[in-house]
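Asker: Handing you a structure now.
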Amino acid sequence: MIVVGGTYIEECDWPEWTRLMGPGVRAALALSEVSPQTELYSYANDAVIEDLRRTMLTNGLATPQVRMRGEKVAYSYKHPLSYPRRTPKLEETPDDSAAPQLSESWSVKGDTVLAFRLQETKIVVSAKRAVFELSQQDEEIERGDIGKLALIAAENDFPQAAANVQDFAAQTMPAHNANLLIFRWQSGGGILFDGEMEHSIPAYVANEWFKIGTGNIFCAMFAHYWGEQNMDAMAAADLASRCSAYYAGSRALPIPVSQNLPDMEKFDPTADCKIFIASPCISMAQQWLVDEAIRTFEMLRIQTVTPYDLGLDGVSRKNVDVGRVLDGCSAVLVLAEGADLPSVLAVGLARVRKLPIVVLAEESREPRVSLWQGTDCEIARDFASAVYRAMVAGKRRPAG
């Protein structure tokens, strides 16, 4: 298989992560066990090109086809659900005269080609079977001589399409003369459009949620099973969803062959739920954490009830019944280790109602964590995983 995609430095603060990665590198490494000799087409600068070549060869992949980029590009995340900061910014113009011109195109030909957009140039793909990951700049990947084409679009790239995915598919597939379109939900799974047929792709439960690059894994594994193995599109999409969850929970590459994937529980990514966020709201740091949780759940299209709604931030609210509020919730997320009386009260009321409870405990100090032992609370060690586990628990249990 041929993979076309970017090579970048990726950095994350919580959990800590620094790698030479990017969509192209991640997809190629994911495929190295199931599709040896996969070939990567990418851009890289002088500082990383030898590292890139060694990484590919060490993992049994073909020598990458690399064009030179003038500057080193890095993406920095505060946590896996935050928006990354790019260095340098896209509007900055590198001084290095070796930087490629954006008008230059790159023609790629192969039996099976997976193409992610490149920031540096347009791509023209010819293949028996091709998979394109769509972006808002979808003109940057052009169709050459292609037998069958599958498009993969992510909800976070096309949020306006989530309200009516059928219309999005009806407009997008003819525009690209595509045989298939997959719309991936942010929480996992998605919808497969195969001609006039529509199928729901299940989401699989991961113990942790390192979401950076999970879409790259989905695209890579779907391209392998559908493109290289000629597997039925729905079976390939189901496997791709499992592989994506496997990576989110382990950060392990390469992805194992299908028979070596662990058994995983499914959940419905489209199920409605409402999350009760319990947290002290006294300090700026505590309020920032609550605000970040609210923003993240909104991004995932999940309703929340927060200390702000109940007057637990010091602003008085009238006629607030915490017990009645909890009756309409599906799960509870406890932030800042619930180190305040209102949070402990809310957790107690939630236990009475048999609501699933997830506690974010970034520090492993036993005296604090031991407060939750024996309460059937689930402990998560990083913010993104805590949000995810609360979401999954909530989607298992209908709200209200």
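The values are calculated or read from the model by the stated rules, or taken from the named source; none is laboratory data. Since this is a predicted model, take the numbers as computed values, not measurements. Every residue, glycine as well, gets a Cβ built from its backbone with ideal geometry; the counts of neighbours run over all protein chains shown.
Asker: When Leu349 is evaluated against the numbered criteria (1) at pLDDT 80 or above; (2) closer than 20 Å to Gln303 by Cα; (3) loosely packed, with under 12 Cβ neighbours inside 10 Å, which criterion, by number, is the only one it fails?
Answerer: Failing condition for Leu349: (3).
Asker: Filter segment 13-66 down to residues that are of a type in the set (D, E, K, R) and touching a residue at least 12 places away in the same chain (Cβ under 8 Å) and give me whichever is nearest to Asn260 (Cα to Cα).
Answerer: If we filter segment 13-66 for residues that are of a type in the set (D, E, K, R), which is where we start, we get 13, 16, 19, 26, 33, 39, 46, 50-51, 53-54.
Cutting the leftovers down to touching a residue at least 12 places away in the same chain (Cβ under 8 Å) gives us 13, 26, 33, 39, 46, 51, 53.
Numbers: Asp13: 31, Arg26: 20, Glu33: 11, Glu39: 24, Asp46: 38, Asp51: 29, Arg53: 28 Å.
Checking each candidate, the answer is Glu33.
Residues checked against (1) touching a helix residue (DSSP H, G or I) at 6+ places or on another chain (Cβ under 9 Å); (2) farther than 21 Å from Tyr43 by Cα:
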site	(1), (2)
Asp111	yes, yes
Arg117	yes, no
Glu120	no, no
Ile123	yes, no
Lys128	yes, yes
Leu134	yes, no
Glu140	no, no
Ala150	yes, yes
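Asker: Something else about it: Out of all the residues in segment 257-279, is one or more modelled with pLDDT under 95, touching an Asp or Glu at 6+ places or on another chain (Cβ under 7 Å) and buried (at least 21 other Cβ atoms within 10 Å of the Cβ)?
Answerer: Taking every residue of segment 257-279 in turn, none turns out to be modelled with pLDDT under 95, touching an Asp or Glu at 6+ places or on another chain (Cβ under 7 Å) and buried (at least 21 other Cβ atoms within 10 Å of the Cβ).
Asker: So, one more: Name, by its number, the condition in (1) under 20 Å from Gly215 (Cα atoms); (2) in a strand (DSSP E or B) that does not hold for Gly147.
Answerer: (1)
Asker: State all residues of segment 48-81 that are among the polar types (S, T, N, Q) and either out of contact with any strand residue (DSSP E or B) (no Cβ under 7 Å at 6 or more places or on another chain) or part of a helix (DSSP H, G or I) (or both); if no residue qualifies, say none. Before you say what the answer is, go through the steps one by one.
Answerer: Within segment 48-81, the subset among the polar types (S, T, N, Q) is 55, 58-59, 63, 65, 76.
Within segment 48-81, Thr55, Thr58, Asn59, Thr63 qualify.
Asker: Which members of segment 311-340 meet the condition of being assigned to a helix (DSSP H, G or I), modelled with pLDDT of 80 or more and not charged (D, E, K, R)? Working first, answer last.
Answerer: Taking segment 311-340 and keeping what is assigned to a helix (DSSP H, G or I), we get 322-327, 336-338.
When the remaining residues are screened for being modelled with pLDDT of 80 or more, the result is 323-327.
Within segment 311-340, Gly323, Val325, Leu326 qualify.
Asker: Quick one: would you say Phe168 is buried (at least 22 other Cβ atoms within 10 Å of the Cβ) and not assigned by TED's automatic domain parsing to the domain that holds Ile302?
Answerer: Numbers: buried (at least 22 other Cβ atoms within 10 Å of the Cβ): no; not assigned by TED's automatic domain parsing to the domain that holds Ile302: yes.
No; evaluated as a whole, the condition is false for this residue.
Asker: Looking at Ser244, Ser250, can you tell me which residue is buried (at least 24 other Cβ atoms within 10 Å of the Cβ) and closer than 21 Å to Pro80 by Cβ? Before you say what the answer is, go through the steps one by one.
Answerer: Working: Ser250 fails: buried (at least 24 other Cβ atoms within 10 Å of the Cβ).
Checking each option against the conditions leaves just Ser244.
Asker: How about segment 205-310: which helices (runs of 4 or more DSSP H) wholly inside it have at least 3 residues that are under 25 Å from Gln160 (Cα atoms) and touching a residue at least 60 places away in the same chain (Cβ under 8 Å)?
Answerer: Working: elements: 214-222, 233-250, 284-299, 307-310.
The helices (runs of 4 or more DSSP H) meeting that bar are 214-222, 284-299.
Asker: Could you identify the single residue in Asn207, Asn230 that is surrounded by fewer than 17 Cβ atoms within 10 Å (Cβ to Cβ) and at positive phi? Please lay out each step first, then the result.
Answerer: On the way: Asn207 fails: at positive phi.
Of Asn207, Asn230, the one residue that is surrounded by fewer than 17 Cβ atoms within 10 Å (Cβ to Cβ) and at positive phi is Asn230.
Asker: Right, something else. Across segment 110-132, what is the number of residues that are modelled with pLDDT of 95 or more and among the basic types (Lys, Arg)?
Answerer: Residues in segment 110-132 being modelled with pLDDT of 95 or more and among the basic types (Lys, Arg): 2 in total.
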